[in-house]
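The values are calculated or read from the model by the stated rules, or taken from the named source; none is laboratory data. Treat the numbers as computed from the prediction; the structure is a model and nothing was measured. Here the Cβ positions follow ideal geometry from the backbone for every residue, glycine too, while neighbour counts run over all protein chains shown.
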Amino acid sequence: MIHRRHLLATATAALAAPGFARARTDDLQSAIGALDQIHSLQIRRGDTVIFAEAPRGPGLDRPANIKSCSKSIVALLLGAAIDRGEIASVDAPLADVAPTILPANVTEGAARITMEDLVTLRAGLERTSGPNYGEWISSPNWLGNALSRPMEAEPGTRMLYSTGSTHILGAALAEASGQSLLSLARERLGDPLGITIPPWTRDPQGYYLGGNEMALRPTDMLKIAILMRDGGRYDGQQVISENWIMASRQPRTRSPWSGLSYGYGWFLTRSGYVFGRGYGGQIIAAHPARDLAVAITSDPTQPARSGGYFGDLMRLLEGPVLAAA
């Protein structure tokens, strides 16, 4: 850990030195060479890809499991559904949007959970992530299990990071639109961005898992980053409304683990990054003020904690990557 952090610091210092108008490829390569979990890094500044390397893993053009970056994708699909009038607003309660997914033993108050509560991970229900994840996905009804868990906080107050919350949101989107989450992702993101989205895990009732296990090519992850950077536009087309993108960038809550602010499905940094984060070190990041879009993939089987590898990735983003602008 000390060794790779030293190398990152060295690369950061080199890029910050006077006379460096752009990051040198060898400095970025040195920085990622110090991180043995990283699979790929791509950086686009303006219209130019200034760095694209895959020192490990399957490469830039083969699907990678983006893990919880899927939550950020589902958040974009919520914006698209609201834009189309399929869901009235972020204030719409679950009972109005998708009453059929509520189990008979639904926790009192869960029917009043809003779309905003779900997309900001403030549903209030006991988490299905962390130590509860295995039990949750082993259950015969993931929605029923998540919606019958005890309330640990008043909905809309405290962030409780839970894939179950995003899975409920994904199922609500499917019910409101009459399409599967896969179909929505392909139609509303895949087609306009030229992204390939293969099928992924479904629950016992057939709903695609909202919030985990989606796979994208790293080059396609970069397209999502460009979309977030450019206010919902891609290749001259408004794919997601600018209003939704701007709302997504506003801090709504804060992670108790990393201390980072969180908007509508996207983490936010003080330096100006907006990014999706997935287990193992998967990152889709945009820095609008610096005109940067970034995609990172890593070994999806290894942890990436804020005090460990994820911290290293943040130093990479805040140091050598920002210096590339």
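What pairs come out if I take residues in region 46-71 that are in a strand (DSSP E or B) and pair them with residues that are aromatic (Phe, Trp, Tyr) whose C-beta lies under 9 Å away, six or more apart or interchain?
Qualifying pairs under 9 Å: ASN65/TRP200; ASN65/TYR279.
Name the residues in region 288-314 that are closer than 20 Å to SER248 by Cβ and surrounded by 24 or more Cβ atoms within 10 Å (Cβ to Cβ), would you?
The answer is LEU292, ALA293, VAL294, ALA295, ILE296.
Could you tell me which residue of region 98-124 is surrounded by the fewest Cβ atoms within 10 Å (Cβ to Cβ), considering only residues that are more than 15 Å from ASN145 (Cα to Cα) and hydrophobic (A, V, I, L, M, F, W, C)?
Looking at residues that are more than 15 Å from ASN145 (Cα to Cα) and hydrophobic (A, V, I, L, M, F, W, C), I get ALA98.
Hey, PRO204 hits all of (1) outside the structural domain of LEU76 (by TED's automatic domain parsing); (2) under 22 Å from SER89 (Cα atoms) but one; which does it fall short on?
The failed condition is (2).
Would you point out which residue out of SER177, SER148, SER165, SER138 is under 22 Å from ILE87 (Cα atoms), surrounded by fewer than 23 Cβ atoms within 10 Å (Cβ to Cβ) and of a type in the set (Ser, Thr, Tyr)? Don't jump to the end; show me each part of the working.
Values: SER148 fails: under 22 Å from ILE87 (Cα atoms); SER165 fails: surrounded by fewer than 23 Cβ atoms within 10 Å (Cβ to Cβ); SER138 fails: under 22 Å from ILE87 (Cα atoms).
Checking each option against the conditions leaves just SER177.
Anything in region 94-131 that is farther than 24 Å from TRP266 by Cβ and assigned to a helix (DSSP H, G or I)? List them, or say none.
Selection gives ALA95, ASP96, PRO99, THR100, ILE101, ALA110, ALA111, ARG112, PRO131.
Quick check on region 201-215: of everything there that is out of contact with any strand residue (DSSP E or B) (no Cβ under 6 Å at 6 or more places or on another chain) and closer than 10 Å to CYS69 by Cα, which residue is surrounded by the fewest Cβ atoms within 10 Å (Cβ to Cβ)?
In this case the residue turns out to be GLU213.
I'm told MET221 meets every condition in (1) farther than 20 Å from SER165 by Cα; (2) over 13 Å from the mean Cα position of the chain (by Cα); (3) surrounded by 21 or more Cβ atoms within 10 Å (Cβ to Cβ) except one. Can you identify the failing condition by its number?
So MET221 meets the others, but not (2).
Does ASP191 satisfy the criteria of being of a type in the set (Asp, Glu), in contact (Cβ under 8 Å) with a residue 24 or more places away in the chain and outside the structural domain of ASP83 (by TED's automatic domain parsing)?
Answer is no for this residue.
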